[in-house]
Amino acid sequence: MTLRTHSPDRDRGRGGNRNRRPARPALLAVLAAGAVLLSGCSASDSGHDRSSGTSQEGGRRTHGGNPAPGPAQGSPGTADRADATAEGEDDGRRTAAPPADYLSTFALDVDTASWGYARRTLADGNLPDPATVRPEEFVNSFRQDYRQPDGNGFSVTVDGARTDAAGWSLMRVGLATRTGLGQDRRPPAALTFVVDISGSMAEPGRLDLVRKSLDLMTDRLRGDDSVAIVAFSDKAETRLPMTRLDGNRRRVHDVVDRLRPTDSTNVEAGVTRGYDTAVEGRRSGATNRVVLLSDALANTGTTSADALLERIDGARRDHGITLFGVGVGSDYNDSFMERLVDKGDGHTVYVSDEEEARRVFCDELPAQVELRARDAKAQVSFDPRNVERFRLIGYDNRRVADDSFRDDSVDGGEVGPGHTVTALYAVRLRPGASGHVATATVRWLDPDGRAPHEESGRVEASALTGGSWEQAAPRFQVAVAAAYLASSLRERGGGWEAVPGAVGLGRLSEVTARLAERTEDPEVRQLSEAVRQARRLLG
């Protein structure tokens, strides 16, 4: 499941399709590893507002998926969610606002590329472009401790803790799916790998990592899985048509080994040929997916994502073919790739070295072979008697019109088995608040029959007004620390209000160091190191 600075373009609802994401500056990375969507490792692999009110990043909604203009208060592009008593009534009465003012609706997202890119950039001694910092992707990059549901679908966990900002708490909405069937019982896969072999891919950590990733994937997939390989630079060609792996692994390795960097980058040609190849080789009953491996630095052909979105959306809609991207390298057009993958109902990750590639290919991507939910959306309903204001941290490009929550023609997110999705809200309670604060509901469609399902969870004021976030469960602290780091990195770009209660990087460094030691989690250790590096660079 799975936000950015506000702008009118980014604040559009999704009236039937995902929003087109705003063009963000071309960044540093490369989508290059998707090659593992379905594999699984074998046993042989040992391997804000700091003073006054903050704002809800979702504006008021109108029918059809487009948000109406939000109140003209707060920082540019943000809109406070407050009831009528906060807008001039001084008699102390708790006057309930229109229900829509107390709803927050978004499509689920499991992207993590923003965190991967930021971590690599900080490790290289540089600060990431604020426009590439998406807080929800930071938060969702770390393991959580939510209960798994007994059957298909989701469990819903809602909890919270106080922040250092007077009157403000952080509320965590956690969604989790049940783990998958395993490598032997999952559906077969039909994967079309679209590989960028342009000159920019010659940099170490790009095409070389792609080749290693594809070789790893080839050895991990089952014999009844199929792969196709399309290579592109200034033009595209199919190097391998859709081919079952049984008896053909050597052939696939040979094709991969012959991938060498050449000329310019014509992403349009690569994606178009890739989808043509995927449609031709489509297998009924299999997971059909295009995996784009590129730095997305298009400089030939159509260099805007707009020209490709209809082709991608049509293949998704007509043939069930989804798109997946993995970023690698130091120069990467984050905006371009993200828009393509969003339209293809897929998600992105970022890989910077072999260790990370192995983790993605062996632990994360196998879950993408199966699906637990299609068009999954979440809606949080806040109680105006107890809630004065609230703000969703991130998910800028995932918002859905409130009245489209149960409109199953409106696109949501695709979620695989064993996934968790976390949304953090900053919540300002009314003085003396007690009882019900919010109810979170997730709605999804069954992957096969597309029957709708819902599950809900609720939280009381006592959960948000008890202990401080630093006294909460370790995984709650990790989520908050990731959001606070993202907030610090985003603030440099302007137009972004700090998450309420955000602590300085010095204190955050101490907190994350303790968390790394307490959890003994290598990924939390990486978070701690990233905080330390950000503190040094920001001074």
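The single condition from (1) under 16 Å from Leu209 (Cα atoms); (2) not in a helix (DSSP H, G or I) that His253 fails is (2).
Take the residues in the stretch 135-153 that are touching a Phe, Trp or Tyr at 6+ places or on another chain (Cβ under 8 Å) and open to solvent by less than 10 Å² (accessible area, probe 1.4 Å), then tell me which one is nearest to Gly394 (Cα to Cα). My answer is Glu136. Checking each residue in the stretch 439-448 for being surrounded by 24 or more Cβ atoms within 10 Å (Cβ to Cβ) and either outside any strand (DSSP E or B) or touching a helix residue (DSSP H, G or I) at 6+ places or on another chain (Cβ under 9 Å) (or both) picks out no residue at all.
Of all residues in the stretch 198-227, exactly one satisfies the criterion of being surrounded by fewer than 24 Cβ atoms within 10 Å (Cβ to Cβ), in contact with a helix residue (DSSP H, G or I) (Cβ under 9 Å, 6 or more places away or on another chain) and outside any helix (DSSP H, G or I), namely Gly223. No other residue among Ala278, Ala315 is touching a strand residue (DSSP E or B) at 6+ places or on another chain (Cβ under 7 Å), over 22 Å from Pro204 (Cβ atoms) and part of a helix (DSSP H, G or I) apart from Ala278.
For the stretch 103-110, the criterion of a residue being more than 21 Å from the chain's Cα centre (by Cα) and at pLDDT 95 or above is satisfied by at least one position. On the stretch given as the stretch 276-299, residues that are over 14 Å from Ile229 (Cβ atoms) and crowded, with 16+ Cβ neighbours inside 10 Å total 10. Of the residues making up the stretch 181-197, those that are surrounded by 20 or more Cβ atoms within 10 Å (Cβ to Cβ) and of a type in the set (A, V, I, L, M, F, W, C) are Ala189, Ala190, Leu191, Phe193, Val194, Val195, Ile197. Is it the case, given these coordinates, that Arg428 is surrounded by 23 or more Cβ atoms within 10 Å (Cβ to Cβ), in contact with a Gly (Cβ under 6 Å, 6 or more places away or on another chain) and farther than 23 Å from Gln144 by Cα? Here the answer is yes, as Arg428 does meet what is asked.
Restricting the first member to the stretch 447-474 and to residues that are more than 23 Å from Gly412 (Cβ to Cβ), and the second to residues that are of a type in the set (A, V, I, L, M) and part of a loop (DSSP other than H, G, I, E, B), the beta-carbon pairs closer than 7 Å and six or more apart or on different chains are Ala461/Ala433. Out of the residues in the stretch 470-498 meeting the condition of being touching a Phe, Trp or Tyr at 6+ places or on another chain (Cβ under 6 Å) and more than 13 Å from Val133 (Cα to Cα), tell me which one is surrounded by the fewest Cβ atoms within 10 Å (Cβ to Cβ). Out of the qualifying residues, it is Val480.
From the list Leu175, Leu214, the lone residue that is modelled with pLDDT of 95 or more and either in contact with a His (Cβ under 9 Å, 6 or more places away or on another chain) or aromatic (Phe, Trp, Tyr) (or both) is Leu175. Across the stretch 166-197, the qualifying residues are those that are charged (D, E, K, R) and assigned to a strand (DSSP E or B), and the one among them that is farthest from Arg143 (Cα to Cα) is Asp196. Let me confirm something: among Leu309, Leu240, Leu245, which residue is modelled with pLDDT under 85 and surrounded by fewer than 23 Cβ atoms within 10 Å (Cβ to Cβ)? Answer to the selection: Leu309.
The set of residues in the stretch 510-527 that are open to solvent by 20 Å² or more (accessible area, probe 1.4 Å) and in a helix (DSSP H, G or I) comprises Glu510, Ala513, Arg514, Glu517, Arg518, Thr519, Pro522, Glu523, Arg525, Gln526.
The values are calculated or read from the model by the stated rules, or taken from the named source; none is laboratory data. Source: prediction; values computed, not measured. Neighbour counts run over all protein chains shown; Cβ positions are idealised from the backbone, glycine included. Surface accessibility is based on the protein's heavy atoms, side chains included, excluding ligands, DNA and RNA. Shrake-Rupley method; radii C 1.70, N 1.55, O 1.52, S 1.80 Å.
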